[in-house]
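Working notes for the structure below.
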Amino acid sequence: MSTITHIKQFKKQQLKKKNKAKTLCNSGFHQWEIIYKDQFDVKRGCLITTYQCKHCKKSKTNSA
Ligand SMILES: [Zn+2]
């Protein structure tokens, strides 16, 4: 049993997934993940939630 072969296969699979995800990102389909939930924005005077895309690390905020 070779661990290296397994790792190589795993990396290949990850790469495939990444490429697919990048394509989705480019099409505007980001996979948003909450990084800061309900943080108070002093400037806007409201609660905001910050999201970051799992794949391309792009971030966005949403006011609650
Ligand atoms: Zn993205």
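The values are calculated or read from the model by the stated rules, or taken from the named source; none is laboratory data. What you see is a predicted model, and the numbers here were worked out from it, not measured in a lab. When we count neighbours, we look across all protein chains shown, and the Cβ atoms used for this are built from the backbone with ideal geometry, even at glycine. Areas reflect the complete protein model, heavy atoms only, side chains present, ligands, DNA and RNA absent. Shrake-Rupley method; radii C 1.70, N 1.55, O 1.52, S 1.80 Å.
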Could we say that residue 58 is away from the ligand (no atom under 12 Å from the Cβ) and either modelled with pLDDT under 95 or open to solvent by 100 Å² or more (accessible area, probe 1.4 Å) (or both) here? no
Collect the residues in region 21-37 that are loosely packed, with under 11 Cβ neighbours inside 10 Å and assigned to a helix (DSSP H, G or I), keeping them in residue-number order. 26
Out of (1) loosely packed, with under 13 Cβ neighbours inside 10 Å; (2) outside any loop (DSSP other than H, G, I, E, B), what's the single condition that is false for residue 48? (1)
Restricting to region 3-46, give me the number of residues that are in contact (Cβ under 8 Å) with a residue 24 or more places away in the chain and within 16 Å of the ligand (Cβ to nearest atom). 9
